[in-house]
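Working notes, structure below.
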Amino acid sequence: MQQKEYRYVGKSLSNDNAYGKVTGAVQYCGDMMAPGMLHIKIKAGEIAHGRVIGADTSGAWKVPGVKAVYTCFNTPDTLYDRGRVASYETAPFQERLFDSHIRYMGERVAAVVADTVEHAQEACRKIKIEYETYPAAVTVEEALREDAPKIHEEGNVYEAEPAVYGDYQSCSAQYVHRSRSHLGRITHLSMETYAVKARYEKGSGKLTVWTGCQTAFGIRSTLGDFLDMPYSKVRVVKTTMGGSFGCKQETVIEPLAAYAAKDLKADVMVVYTREEQINNAMLKHSVDLEVESKVHGDGTIEGMQIKAVLDAGAYLTVSPSYCSVMGGKLGKVYRIPHLRYEGTVVCTNTAVNGSFRSWGSGEIVLAYENHWNQVAEELNMDPIDFRLKNVHQAYDLEPMHRVTVGNTYFHECLIKGREAFQWDQRKKKCAEKNKNGRYRYGVGMALASHTSSKYPYSSDMGNALARIQDDGSLIVHVGIHDHGCGTVMAMRKIAAEIMEIDLEQVEVTEIDTSVDLYDYGCYASRTIYILGQAVKKCCEDLLEKARQMAACKLDSRASLIKYENGEFYKEDEPNERLSLKETAKYAIRVKGEDLYMAASVRSKENPGVPSAHFTQVKVDTYSGMVEVEDCLSVHDVGKALNPDLCVGQVGSGIQQGMGIALCEEIKIDPKTGRTLITNFKNYEVANAVDVPDYQALFIEEGDEYGPFGAKSIGEVVVVPVPPALVAAVNNALGTRLTHLPLTPSVILEAIERQQEEKSHDH
Amino acid sequence: MIINFTVNGKSVSMDVMPQKRLLDFIREDLLLTGTKEGCAEGECGACTVILNKKAVHSCLTMTGQLDGGELMTVEGLEKDGELDVLQKMFIKKSAVQCGFCTSGMLMSAKALLMENPHPTQEEIKRAIAGNICRCGGYREIKEAVASAAEMEKEE
C-alpha cells in the first residue's frame, strides 16, 4: 500500500481528554453528584443455593433517610438477561431484579435506597432474610452429575452446536498428539468499579441512565423492555469509562438503578464496592480445554479438534454464545483442512462468569498454542519454523465463517519478531545458562489473531453524523464507547484528516442514545474498523456537500472547486479562498441549508489481526517465582492511527497476560461456593516492578476497507501473551505445565516432581 | 470537630467528622472528585494523595489526621493555569489511558520527586509499585516520571 504522509493519522498525539484526566477534571459516573441524589446499597445473600422465604425489613425502615427497601417480595418478576446487547438477540433470560431462588453465595437479596451511602448500608445490615437451603453444585463435576441439584429449571448443562470444517474423525496423519489446558477465573480489574446514575423525570416520564458502558443501545433495550417503557423515553448516556476489559459490556446494575429511579421519581446512584465488582459483576470463565491434533512428519497440520468445558457460574448469561464463538475462532491463524470443536457450558452455584476481553480468542488460542508448542517439541522443530509451515497467507479462506482472513501478514509477524527478539540467539543462550544454578531461563512464543468486526457472525454497520458549525468547526456524532484506549482520538484524527482542519476544531461525542444513530456497542474490536469507516465516509460526503455549496458561492461547478487546508477555491483562481466558516455561513444565511451529513457503512469483511508474542523468563527454582525479563509483541494492525496508544494497548495485553499465565486467580471454595478472594490484598497482579519494558512492533500494510488501512488491536494484544509465557516457563524447566496460573506453588511442585522422577530413574 | 489544614495551598477551617475516611471527605466535602476509590483497602493506589509531603492512601486515612496538616490532591498540581511538569509529561509520553489510576499515579510520583528530585529508574518503579494500572501503561508512566525529573533538573 502506498504510504502517504498524513497530518494526524499515524502521529502520536496522546489521548483524547488527557488534560482532563491529569487534572482530575474529568467526571466519571461515580463523580456525578447531584443535589438530592439518592444512593443504593445492596445486601448480599448468605447461601450458595436455596430460596428466600421471608424478609423482615422493619429494622431497615427505622434507619433515617431510607426511601425504599427492595426484595423479591415487592419487585417485578420480569426476566431479563445481562448479556443481551441488542433488542433482537435471543438470550437465556434467567435473571430477575431479586429472585427468590438464590443461586450463588453473595447474590443480591435486597437493596436499600437512602439519602446517603452510609444510611443505605446501615439499613441493608438490618434487613433479615430467611432462607430455605438446597444442596449446592459448586464444581463443574458436581453440576454435571445426573442427580445434581437443578440450578435452573431447564437444567445445568448447555451443549453448543459443534463447529465443524472438513472431517476430523476421518482424516489421518503420522502423528496424533493430545494436550489439555486449564484457565482459572480472573477478575477484569477495571480500576473503576461499576457506577450507574439514573434519573426519572416525573413530568416527561423520561428515564436517563449514565453509565460507563460498552453497549448503550443494548442497555436501553433491556431497560425499556424491563420497565415496559418505549425506547424513545429511555436515554442511555455513556460516561467516561475507567477501564472495562469486557466487564462493562453487560447490563449488570443498570436495571436496579433504573427501577429505583422510576419507582421513586428521583436521581439515584449505585457504585459497586471492589468486593461487589469481583463477586457480583462477572469473572473470566474457568475453562477446561482438550486438544487433539493430527500432524504429518514434516510438521504440516492435517486436523485439530478441541473440546471445551466452561463453568458459567450461577447464570448462563453470555456463556452459550461465548462457548460457540470460541469454536468459530478455530480457523483464524492456521491452514488446517479438518477442524472440529465441541463446547459445553455448565451452570454451578458460584459467582457468574462472562464477557472478557477477546471473547473466546484468549481461551481457544491458549489451548492450541500450548498444543502446537508441544507438537513442535515432539517433532524437534523450532516453534517458529513449525508455525511458518502452517500459518495463513493473505486472503486465505477463514474456514469457520467462509470469509477471507484479509490482507494479513502472519509470516512477517513471525519473521520480524524472530529477528527483533533475537529468538535463535536467546534460545541458545538460555539453554546454556540452564546447565546449573538456582535460576532457569526460557524463551517462549505464541501466535494469535482476532476480529475487526462482528461480521459475519451478524451484520455489522457503523453510523456517523457530522455537522459543520457556523464557525467552521466540526461536531461528529458517532455511537462510540471509548474504553480509555484512544478510540475517540482516532475518530478525531480521521475527521480532521479528511476535513483538513485543525484537530482542536473537531469534537467527537461519545454515545448518547437520544441523539446518536444506532450502534451495536464497542466490542469485538470493531470500533476503529467499522466506526472509523463510518466517520471517514461521513466526512468525505460532508466535504462534497460543502464543495457544492462553495461552488454556488464562487459561481462555479463543484467539479472545478478544489479544497485545501479547510478552504475551497476555483482551480483557475487559487488566490480567492472560501473557508469552511464562510461556506457554512453562506449555507445558513443565503441558501437555507445546514451543512450536515449522515452516513452508514456495512462491513463486508472481517480482517484478521495477526499478533505474535515473544518472551523470556527467569524462573527461581527456590521460590518458584517467574520474572519476565523481556518481551516483544508484533502486531499486524493495518495502520496504527494512534501509534502511542497502540503501544499502550500492547502494555495492557502484557500486564493482563502475565496475570492470566502467572499469578491471577479468583478461587472458589469447593465446599461452600464462597468466592475466596474478594479484594486486592490476596490477588496478585503485575505491577510497575513486574512488567518489563516491553517492545512493540507494528506491521502496517493497510487493509483495503479499514480507515486509512486500520484494522484492530484492542483485544488481540492479550491473546498470545499467556501461551507464550507458558512456553517460556516450560522451556526453562523442561516441563509441560498447562494448568494456569503457573503460580510459585505450581512451579515448585513441578520441580519437586521432576526431581523425584530423576531420582527414580537413577 | 473543627480542624485547620491547607488544601492545595489554601488555608481551611472546617467542622468535620474526624472518623470519616479522608477519601470521602475529599470527594464529598471538599468536592474534589479527582481522587478515586479503587479498592478501599490501600492496595491499588487510586486514592493516593499527599499529606504533609508524603503519599498516603486516603481510603485508609481518617479526616481527623488532617488537622494542622498540608493536603495536596491532583487538583492542586496545576498552578495558575500551568500544568505541573509531571502532568505535562504524562500527556506528552501518552501515559494516560482510561485515567482512573492517573491521579493516584501522579500523586505517588509527585511525592517521590518532592523527596528525591533525581530518582533512578529503580526508585521510580518502587514509588509507583503500589499503584495498579490495568491499562498497563507502566512503561509510559515510568518514562513520564523520568522525563519530569530530567526537566526539573534542567530548570
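The values are calculated or read from the model by the stated rules, or taken from the named source; none is laboratory data. Not measured: the values here are computed from a predicted model. Because the Cβ atoms are built from the backbone with ideal geometry, glycine has one as well, and the counts that use them run over all protein chains shown.
Listing for the model above:
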{"item": "Residues located in region B:38-87, provided they are assigned to a helix (DSSP H, G or I), within 12 Å of another protein chain (Cβ to nearest Cβ) and aliphatic (A, V, I, L, M)", "result": "B:VAL74, B:VAL85, B:LEU86"}
{"item": "Selection status of A:HIS483, under 30 Å from A:PRO230 (Cα atoms) and either within 19 Å of the chain's Cα centre (by Cα) or in a strand (DSSP E or B) (or both)", "result": "yes"}
{"item": "Helices (runs of 4 or more DSSP H) enclosed by region A:193-295 - at least 1 residues per element that are away from chain B (no Cβ under 14 Å), in contact with a strand residue (DSSP E or B) (Cβ under 7 Å, 6 or more places away or on another chain) and modelled with pLDDT under 95", "result": "none"}
{"item": "Strands (runs of 3 or more DSSP E) wholly inside region A:536-584 that include at least 1 residues being acidic (Asp, Glu) and in contact with a strand residue (DSSP E or B) (Cβ under 8 Å, 6 or more places away or on another chain)", "result": "A:567-570, A:573-579"}
{"item": "Per-region count, region A:507-518, residues surrounded by fewer than 24 Cβ atoms within 10 Å (Cβ to Cβ) and either closer than 23 Å to B:ILE91 by Cβ or among the aromatic types (Phe, Trp, Tyr) (or both)", "result": "4"}
{"item": "Pairs with Cβ under 9 Å, 6+ apart, first in region A:256-269 and more than 17 Å from A:TYR194 (Cβ to Cβ), second of a type in the set (Phe, Trp, Tyr)", "result": "A:LYS262/A:TYR200; A:ASP263/A:TYR70; A:ASP263/A:TYR200; A:LEU264/A:TYR200; A:LYS265/A:TYR200; A:ALA266/A:TYR200; A:ASP267/A:TYR200"}
{"item": "Wholly enclosed strands (runs of 3 or more DSSP E) of region A:138-184 bearing at least 3 residues over 18 Å from A:ILE102 (Cα atoms) and touching a helix residue (DSSP H, G or I) at 6+ places or on another chain (Cβ under 7 Å)", "result": "A:175-183"}
{"item": "Index of the failed condition, B:ASN116 passing every other in (1) outside the structural domain of B:LEU32 (by TED's automatic domain parsing); (2) under 30 Å from A:GLY657 (Cβ atoms); (3) modelled with pLDDT of 95 or more", "result": "(2)"}
{"item": "Breaking point among (1) more than 14 Å from chain B (Cβ to nearest Cβ); (2) assigned to a helix (DSSP H, G or I), for A:ARG7", "result": "(2)"}
{"item": "Any chance B:GLY130 is more than 16 Å from the chain's Cα centre (by Cα), assigned to a loop (DSSP other than H, G, I, E, B) and either at pLDDT 95 or above or within 14 Å of chain A (Cβ to nearest Cβ) (or both)", "result": "no"}
{"item": "Qualifying positions in region A:664-686 - surrounded by fewer than 21 Cβ atoms within 10 Å (Cβ to Cβ) and without any contact (Cβ under 8 Å) to a residue 60 or more places away in the chain", "result": "A:LEU676, A:LYS681, A:ASN682, A:GLU684"}
{"item": "B:GLY104 vs. criteria of a type outside the set (Val, Ile, Thr), under 23 Å from A:GLY653 (Cβ atoms) and modelled with pLDDT under 95", "result": "no"}
{"item": "Pair list, Cβ under 7 Å, 6 or more apart: region A:736-762 residue assigned by TED's automatic domain parsing to the domain that holds A:GLY624 and closer than 14 Å to A:GLY184 by Cα, other residue of a type in the set (Lys, Arg) and outside any loop (DSSP other than H, G, I, E, B)", "result": "A:THR738/A:ARG180"}
{"item": "Helices (runs of 4 or more DSSP H) fully within region A:320-423 counting 2 or more residues that are crowded, with 18+ Cβ neighbours inside 10 Å and of a type in the set (S, T, N, Q)", "result": "A:361-378"}
{"item": "Residue match in region B:42-51 (condition: surrounded by fewer than 15 Cβ atoms within 10 Å (Cβ to Cβ) and not assigned by TED's automatic domain parsing to the domain that holds B:VAL96)", "result": "no"}
{"item": "Count of region A:116-140 residues which are over 14 Å from A:LYS62 (Cβ atoms) and touching a Pro at 6+ places or on another chain (Cβ under 8 Å)", "result": "6"}
{"item": "Test: residue in region A:637-656 that is at pLDDT 95 or above and in contact with a Pro (Cβ under 6 Å, 6 or more places away or on another chain)", "result": "no"}
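Every residue, every condition in (1) within 14 Å of another protein chain (Cβ to nearest Cβ); (2) buried (at least 21 other Cβ atoms within 10 Å of the Cβ), yes or no:
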position: A:GLY20; (1), (2): yes, no
position: A:VAL26; (1), (2): yes, yes
position: A:MET33; (1), (2): yes, no
position: A:MET37; (1), (2): yes, no
position: A:ILE40; (1), (2): no, yes
position: A:ASP56; (1), (2): no, no
position: A:VAL69; (1), (2): no, yes
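A quick yes/no check of all residues on (1) aliphatic (A, V, I, L, M); (2) within 30 Å of A:ALA18 (Cβ to Cβ); (3) out of contact with any Asp or Glu (no Cβ under 7 Å at 6 or more places or on another chain):
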| residue | (1), (2), (3) |
| --- | --- |
| A:PHE386 | no, no, yes |
| A:ALA394 | yes, no, yes |
| A:ASN436 | no, no, yes |
| A:SER452 | no, yes, yes |
| A:ALA464 | yes, yes, yes |
| A:GLN469 | no, yes, yes |
